[in-house]
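Structure first, commentary second.
The values are calculated or read from the model by the stated rules, or taken from the named source; none is laboratory data. Computed from a predicted model, the values in this text were never measured in an experiment. Neighbour counts run over all protein chains shown; Cβ positions are idealised from the backbone, glycine included. Just so you know, the surface numbers come from the protein's heavy atoms only, side chains and all, with ligands and any DNA or RNA stripped out. Shrake-Rupley method; radii C 1.70, N 1.55, O 1.52, S 1.80 Å.
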Amino acid sequence: MSQYTTGELAKECGVTVRTVQFYDQKGILIPSALTEGGRRLYSDEDLKRMKIICFLRDMGLSLDTIRQLLKEEDPGSVISVLLDQQEQVLQEEIGERREKLDRLADLKKGLKDVPSFSIETIGDIATVMEGKKKLSAVHRNMILPAIPLGILQWAAILLWIFKGIWWPFVVWVVLVIPFGIWAARYYHRNVAYICPRCHEIFRPAMKEMLFASHTPTTRKLTCTKCGRHGFCVETWGQASDVS
């Protein structure tokens, strides 16, 4: 049977001598023997145990959990549950880190579009990023009910052209008018704009917003705070959040 000193055991497991000593102090890995001079000696079984401890630590398990686990008569069933739990924790951490990477990429992209930026500019980009999901939900809530109306429109047009049946088109008109009114009010109520000059978030009059020149992310408006007329950045914002 082989015997290992603290240094040899540490080398075999890829850890420091201090780590092996710490595990001894915590009662997780007690040496099988001591020399007359008081030096620790570890057996092959101790080496296996140490490798298991290192593996579980790499999986993110705490020392207290590992200590309790090694005391179990049937550690296999327990470790299966623990690893499932740890997998869930790691998946959540991965999701959080991926979200942070996406936010970082959005910030870098936003800064590239700005020739010169300040703290206020970064604040504007952060505001847009924070409201991105909610703004996407606004767009989705408008698009989903519009899809069946679009299908009905083309079906009605084709029926009128090829069959001479005109009344489905009238039905479409009757439905699309109240939908258009609802969509305009819903959009106006849930969207706001950031002025690049004064960095204030404002909501323009509905008429100006609907007929203004725009891009997918900006709209040419007059700021209600400083009076600047130009393209402003679209963001999410309800009435209670906009001054």
- Message: Condition check: aromatic (F, W, Y), open to solvent by less than 60 Å² (accessible area, probe 1.4 Å), in contact with an Asp or Glu (Cβ under 8 Å, 6 or more places away or on another chain) and at pLDDT 90 or above. Does Y193 satisfy that?
- Response: yes
- Message: Every residue in segment 41-55 that is touching a Ser or Thr at 6+ places or on another chain (Cβ under 8 Å), within 17 Å of K26 (Cβ to Cβ) and either part of a helix (DSSP H, G or I) or in contact (Cβ under 8 Å) with a residue 40 or more places away in the chain (or both), please.
- Response: D46
- Task: Those residues that are over 15 Å from I66 (Cα atoms) and of a type in the set (A, V, I, L, M, F, W, C), I need them from segment 1-54; list them, please.
- Result: M1, L9, A10, C13, V15, V17, A33, L34, L41, L47
- Pick from segment 174-190 the residues that are of a type in the set (A, V, I, L, M, F, W, C) and open to solvent by 50 Å² or more (accessible area, probe 1.4 Å): which of them is nearest to L152 (Cα to Cα)? L175
- Query: How many residues are of a type in the set (S, T, N, Q), farther than 19 Å from S62 by Cα and surrounded by 14 or more Cβ atoms within 10 Å (Cβ to Cβ) if we restrict to segment 1-50?
  - Reply: 5
- State yes or no: is I143 out of contact with any Gly (no Cβ under 8 Å at 6 or more places or on another chain), outside any helix (DSSP H, G or I), modelled with pLDDT of 90 or more and open to solvent by 50 Å² or more (accessible area, probe 1.4 Å)? no
- Check P216 against each of (1) surrounded by 13 or more Cβ atoms within 10 Å (Cβ to Cβ); (2) modelled with pLDDT under 90 and name the one condition it does not meet. (1)
- Query: Can we say I157 is aliphatic (A, V, I, L, M), surrounded by 12 or more Cβ atoms within 10 Å (Cβ to Cβ) and touching a Leu at 6+ places or on another chain (Cβ under 6 Å)?
  - Reply: no
